[in-house]
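Read through the structure below, which is laid out as structure tokens, and then see the notes.
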Amino acid sequence: MNAQLQAILDESRRIVLFSGAGTSTESGIPDFRSADGLYREKEKTFPYPPETILSRSFFQKHPDIFFDYYRTKMLYPDAKPNASHFAAATLERQGRLSAVVTQNIDGLYQQAGCTRVLELHGSALRNTCMRCGKSVGLDAVLHTQGVPHCPCGGMLKPDVVLYEEALDEQTVNESVRAIREADCLLVVGTSLTVYPAAGFVRYFRGKHFVLINRDETPMDDLAELVLRENAGKIFAELRL
């Protein structure tokens with residue numbers, strides 16, 4: 001158990017957890033930019049880079065290729081929360097976690113029991129008809145082939161923020177406010193290289209800034225404590 005992290009959490013009362021894909025790797029969901037992440041794969045099945053496929057313009061021009069990639073690489077319906085997700089839920093139940101601000105789209109924090117989750121990049125568990133605006137669940141994409149459509153005939157779009165799309169303004173405002181009012185910011189499992197989300201960290205004005213990530217980040221020098229281990233392992237050892 002890391003005694004310094006334990007002491008920080010014990011005295012903190014307005015914790016915000018800012019998380020990225022690294023929090024879900026221990027649940028079997030690959031991240032993007034690590035050595036074995038999705039963006040490092042030498043992919044022969046799809047003749048375009050992931051960043052291209054996951055863009056709004058590509059989605060509109062080639063929805064068939066987009067959905068083939070999306071089903072294969074982005075959906076993990078059998079994934080279960082790990083110790084880092086359950087720790088966040090425990091801290092929330094104790095009244096010490098103000099919010100989870102996450103770049104993840106997998107819904108694992110909610111599955112673990114968290115209710116105050118701000119999803120900066122949306123959720124793979126929801127889809128919206130581009131014609132009538134009807135909202136449908138994961139099965140509408142997962143258990144179909146080709147381009148999924150609504151009964152009205154409109155094409156479905158996953159409720160995830162693609163490249164070239166703006167973040168939801170209300171989610172951004174709530175995230176910034178939560179970070180600004182926190183006395184402890186836990187940054188977990190993120191490279192802090194994806195903007196504008198990574199820039200939110202600079203709104204923190206509280207006492208304790210902790211960074212937990214396997215690899216170095218551009219903001220390591222700003223943190224009071226930097227831990228280079230898997231988040232699940234660290235949180236599993238804590239006394240909460």
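List of remarks:
- Under a Gaussian network description of the chain, with springs only between Cα atoms under 10 Å, the residue in 49, 77, 151 that fluctuates furthest is 151.
- In this Cβ point-charge picture (+1 for Lys and Arg, -1 for Asp and Glu), segment 113-240 has a dipole of about 320 debye about its Cα centre.
- Paramagnetic label zone (point 7 Å from Cα along Cα-to-C-beta, residue 64; backbone N under 20 Å) in segment 135-159: 141-150, 153-158
- Surface analysis of segment 45-164 yields an accessible area of 45 Å² per residue, using protein heavy atoms and a 1.4 Å probe.
- For residue 118, net neighbour charge (Lys/Arg +1, Asp/Glu -1) across residues whose Cβ lies under 11 Å away: -1
- Counting DSSP beta bridges with both ends in segment 42-171, the antiparallel % (nearest 5): 70 percent
- Proximal aspartates and glutamates to residue 157, defined as alpha-carbon separation beneath 15 angstrom and excluding residues fewer than eight positions away on the same chain: 64, 68, 139, 165
- Computed [θ] at 222 nm, helices only, for the chain once each DSSP H run of length n ≥ 4 contributes -39500 (n - 2.57): -7000 deg cm²/dmol
- Hypothetical label at residue 6: residues of segment 223-240 whose amide nitrogen lies under 15 Å (7 Å Cα-Cβ projection): 234-240
- For the chain: relative contact order, % (alpha-carbon pairs under 8 angstrom, 6 or more apart): 26 percent
- Surface composition of the chain: carbon and sulfur atoms hold 49% of the protein heavy-atom accessible area at a 1.4 Å probe.
- Considering only beta bridges that DSSP places wholly inside segment 89-240, some 45 percent are antiparallel.
The values are calculated or read from the model by the stated rules, or taken from the named source; none is laboratory data. What you see is a predicted model, and the numbers here were worked out from it, not measured in a lab. Because the Cβ atoms are built from the backbone with ideal geometry, glycine has one as well, and the counts that use them run over all protein chains shown. Remember, those area values only see protein heavy atoms, side chains included, never the ligands or the DNA or RNA. Shrake-Rupley method; radii C 1.70, N 1.55, O 1.52, S 1.80 Å.
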